[in-house]
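See structure below.
Taken together, the values in this text are just the output of simple stated rules run on the coordinates, not laboratory data. The structure displayed is predicted, hence computed values, not measured ones. All Cβ positions, even for glycine, are placed from backbone atoms using ideal geometry, and neighbour counts span all protein chains on display.
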Amino acid sequence: MTFPLLPQPASVEPAAGHFLLNPRVTVDATPQQSRVVGALLGVVALPSTDAHLTVRLDDSLPTEGYQLTVTPERVTILVGTDAALPWALQTLRQLMPDEVFGAPVITPQPVPCCTITDSPRFGWRGGMIDVARHFLPFADLLRLVDQLAAHKFNRLHLHLADDQGWRFESLKYPELTRVGACRPETLHPYHGTDRTPHGGYYSQAQLRRLVSHAASRGITVVPELDFPGHASAALAAYPQHGVEGFAVGHPATGFGVLENVLNLDDDCLAFVFDLFDELLDVFPSQWIHIGGDEVPRTQWRESEASQQRAAQLGLTSVEELQPWFTRQLVNHLRARGRTPIGWDEVADDGPVAGLVCHAWRSADKALPSARAGGEVIVAPVQGTYLDYYPSDLPTEQWCIGGPTPTRTVYEFNPTDGFEDVADRVIGTQFQLWTEYVASMSRVEYLIWPRACALGEVAWSTPEGRSWDEFSTRLAAHTRRLDAAGINHRPQEGPLPWQRGGHGRQSRGPHQN
Ligand code: ACM
């Protein structure tokens, strides 16, 4: 281990000496590049042609590829495109002392001399946060973006709506947030009701700020509105779009797969299109997630109106309503120049042209789409679901399944089983569903350090990597997480107070 960089760069050549990075650094770069340097290093970037830090485009490098050269006199950063600059700067940050990680450079900091040449394995390196089951305050989203960026993730997938809450401000449909953003209580499978209303939503102004904050750190915010299932919160607000006879009084208070679905009549389709149009206005992302997971067809089967609707559309039965709806939404988004992504159920009836299939139930759910030439994101429950237990210790708080320890995440390979179509796998991402995750400290406990592992899976090539070597680097990297005040879980194995010898039964400081 030369430097404990994480994720592991493609090539690191140490050299003698140090460069001293000043909080008022002179920069030779475009104004846009200088802003990124200032924001990511927390320095004042002063323009100069004889500068201490130079940024240059080098079109022999990949889009997100960079070469970082540190000499005692200067730092030179070559980038394939500006998309690579945040990653070069994150590496530079990790070369400095731990206390700089996640904090502005306020005193001169030593950077060891070296040449690092690097580029990512995958163009899609994501993290999904479910802000529907539990709302995360806006400031925490900004904090999460900073944490993801520091690990070279480039996508934040925001799951903005589900049965238990609607979090996206719609100017056209205000009832969505007036009625759909708050549930009267939360039901835990063992502990019962908490007798406490839970709610919140993001204004469009906040979301635009999030997009801009993320963009300057190399992250695209990919929004999701999940239809036609997981729709209880929307249907509590606009019951006319539900299946007749199945009233939804308020957003769901318990969890699991609920049967409430959109009725998919013409008015309902107009409602969905309007909402996506508002979403496109706020989120410039090329990719828009349309959900589509876990859609029980029970209500459609039981409804005379749904059967008539299917017949009117020329479908053989209500079983074809979901694939029909997916095609309408895909066409709508593609006509607006965006690329839809759907959970793998949308391809249960066959690959969907023009849609990125997001495999979650298992990796092979995306194989038919990949073999049909489509792009796929491989993010199966086994390996990338961080709402699963991080260990099998009895002291872990309630999780949905598992365990999925850091090592399991590290040893996940997104292209396993895709050998014949590996180029169709655009990448991977972790998922953090929040049914039982009610605070940012709990979010951090479940994400870190497992997302350190997934970040490396997504960034670094598999050759030459090993769990043992990664563990050594992770131990050093953990000091950076500590310095940044991140409530990460300790590394593998028992927590320090569970290793015996002291007889302590305390839950300890990391259990939030
Ligand atoms: C999912 O986990 N229901 C996509």
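If the chain were replaced by its equivalent ellipsoid, with semi-axes equal to the square roots of 5 times the Cα gyration tensor eigenvalues, what would those be, largest first, whole Å?
The equivalent ellipsoid of the chain has semi-axes of 41, 26, 22 Å.
In nm, give the distance between the simple-model label positions of residue 215 and residue 335, each being 7 Å from the Cα along the Cα-to-Cβ direction.
Computed distance between label sites residue 215 and residue 335 equals 2.6 nm.
Can you sort 28, 58, 266 so the residue with the fewest Cβ neighbours within 10 Å comes first?
The fewest-first ordering by Cβ neighbours comes to 266, 58, 28.
Please list, by residue number, every one of the trypsin sites (Lys or Arg not before Pro) in region 300-336 that is coil in DSSP and has at most 14 other beta-carbon atoms within 10 Å.
336
Kindly express, to the nearest 10 degrees and within the range 0 to 90, the angle between helix 85-95's C-alpha long axis and the longest C-alpha principal axis of the chain.
With rounding to tens, the tilt is 60 degrees.
How big is region 221-274 along each principal axis, measuring the range of its Cα positions in Å and listing the largest first?
Principal extents (Cα only, largest first): 32, 27, 16 Å.
With +1 on each Lys and Arg Cβ and -1 on each Asp and Glu Cβ, and nothing else charged, work out how big the dipole of region 82-138 is about its Cα centre, in Debye to the nearest 20.
180
In degrees, nearest 10, range 0 to 90: what is the angle between the Cα axis of helix 266-282 and the longest Cα principal axis of the chain?
10
Rounded to the nearest 20 Debye, what is the dipole magnitude of the chain about its Cα centre when Lys and Arg each give +1 and Asp and Glu each give -1 at the C-beta?
1480
If you take every DSSP beta bridge whose two residues both sit in the chain, what share of them, in percent to the nearest 5, is antiparallel? Intermediate values should be presented prior to the final figure.
Working: 25 of 66 bridges.
Bridges in the chain are about 40 percent antiparallel.
For 130, 293, 59, which order do you get if you count the other beta carbons within 10 Å of each Cβ and list the fewest first? Don't skip to the answer; put the middle values down first.
Details: 130 26, 293 16, 59 10.
Arranged by neighbour count, lowest to highest, 130, 293, 59 become 59, 293, 130.
Please return the longest range in the chain lying between exposed loop sites, taking GluC sites (Glu not before Pro), DSSP loop only, at most 11 other beta-carbon atoms within 10 Å, and leaving the sites out. Before the final figure, lay out the partial values.
Numbers: sites that count: 73, 463.
Result, exposed sites excluded: 74-462.
Taking only Cα atoms, what is the 0 to 90° angle, nearest 10, from helix 138-150's long axis to the longest principal axis of the chain?
The helix 138-150 is inclined about 50 degrees to the chain.
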